[in-house]
1. Within region 14-37, which residues are in a helix (DSSP H, G or I) and of a type in the set (Gly, Ala, Ser)?
2. State the number of residues belonging to region 30-55 that are open to solvent by less than 60 Å² (accessible area, probe 1.4 Å) and in contact with a helix residue (DSSP H, G or I) (Cβ under 7 Å, 6 or more places away or on another chain).
3. Among the residues that make up region 43-63, is at least one of them closer than 13 Å to Ile93 by Cα, of a type in the set (Asp, Glu) and more than 13 Å from the chain's Cα centre (by Cα)?
4. Restricting the search to region 13-24, which residues are open to solvent by 90 Å² or more (accessible area, probe 1.4 Å) and either touching a Pro at 6+ places or on another chain (Cβ under 8 Å) or polar (S, T, N, Q) (or both)?
5. From the list Asp59, Asp12, Asp66, pick out the single residue that is acidic (Asp, Glu) and at positive phi.
6. How many residues does region 82-115 hold that are modelled with pLDDT of 50 or more and part of a helix (DSSP H, G or I)?
7. Does Tyr79 satisfy the criteria of being in contact (Cβ under 8 Å) with a residue 40 or more places away in the chain, part of a helix (DSSP H, G or I) and of a type in the set (Ser, Thr, Tyr)?
8. Output the number of residues of region 75-94 satisfying the condition of being surrounded by fewer than 16 Cβ atoms within 10 Å (Cβ to Cβ) and either over 11 Å from the mean Cα position of the chain (by Cα) or not aliphatic (A, V, I, L, M) (or both).
Amino acid sequence: GTCYSANKIQVDRERFKALMSGYASRRSLTKEEKNNLSRFIQMILLINCTWRFKHAYIDHPDKKEDRNSHIELQEKILYLREEEGMVFMKTLIENVYSGREEESTPPCVRICTIL
């Protein structure tokens, strides 16, 4: 998965930390990979979004349930492309790799302090 909790637009911090720590136990990310991690997540979401759309509208046009499940992923992609989403992911990645995860600072506060 992509470390999202159900019906949440932001990556779940604990899931993300667990994924990155598990991955890092085998190999650390390079600086370039860290810098592009948010783009990789967007790409994964886009691939899944495309699959969901195709599955619902092309492969199974007769089924009406979960017809718009791709919209949830589309919204997450758009969020990651907005300033707030970019700052959230950048801060999360930096904190996970520096070992100082900020637990409760809302993204809007982080934007103000970074600017």
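1. Ala18, Ser21, Gly22, Ala24
2. Final tally of qualifying residues: 6.
3. Initially, region 43-63 is screened for residues closer than 13 Å to Ile93 by Cα, giving none.
The answer is no; no qualifying residue exists.
4. none
5. Of the residues listed, the single one that is acidic (Asp, Glu) and at positive phi is Asp66.
6. 16
7. Details: in contact (Cβ under 8 Å) with a residue 40 or more places away in the chain: yes; part of a helix (DSSP H, G or I): yes; of a type in the set (Ser, Thr, Tyr): yes.
Criteria met by Tyr79.
8. 5
The values are calculated or read from the model by the stated rules, or taken from the named source; none is laboratory data. No experiment lies behind these values; they were computed from the predicted model shown. With ideal geometry, Cβ positions are generated from the backbone for all residues, glycine too; neighbour counts draw on all protein chains shown. For the accessible areas, the whole protein counts, side chains as well, though only heavy atoms, and no ligand, DNA or RNA atoms are used. Shrake-Rupley method; radii C 1.70, N 1.55, O 1.52, S 1.80 Å.
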